[in-house]
Amino acid sequence: MDKEVLVDIINLAVSGMTCISCVKHVEKALNSITGVEKVSVDLASGLVSIEGNLSQGASVLVEALNEEGYPATVSPKELVKTQAKSNSCKSTGGCCCN
Ligand SMILES: [Cu+2]
């Protein structure tokens, strides 16, 4: 890995994610954006880390998530993977996939 690759990382705080299906929706929405190479989602904290050639800026990512129904804001926090908890939609209610 001696080739220098331009990779930006943008962290977003995403609200509205309540289950694994929501995570999948978020991942899908972000992965469809040009330049996005890697999407990491932490359901517990609501933080999403996007890696890739993100010269178009965070607003494109935020807009894509808003369209999917997950309001997002740029977060100064870095995603730290916590233990995955499989929350069920039925227990929380108001989920996209109900
Ligand atoms: Cu869901």
For the range 8-79, the Cα-Cα pair-distance distribution in 10 Å bins from 0, as whole percents, is 23, 64, 13, 0
Percent relative contact order for the range 1-73, counting Cα pairs under 8 Å at least six residues apart, stands at 41
Run the quick spin-label model on Glu51 and Asn66: label points 7 Å from Cα toward the beta carbon, then report their separation in nm to one decimal. 2.8
If we sort 16-26, 60-70 on the protection proxy, mean other Cβ atoms within 10 Å, highest first, what's the order? 16-26, 60-70
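Since every read-out is calculated from the coordinates, none of them should be taken as a lab result. Keep in mind the model is a prediction, meaning the values are calculated, not measured. Note that we place each Cβ from the backbone using ideal geometry, even for glycine, and neighbour counts take in every protein chain shown.
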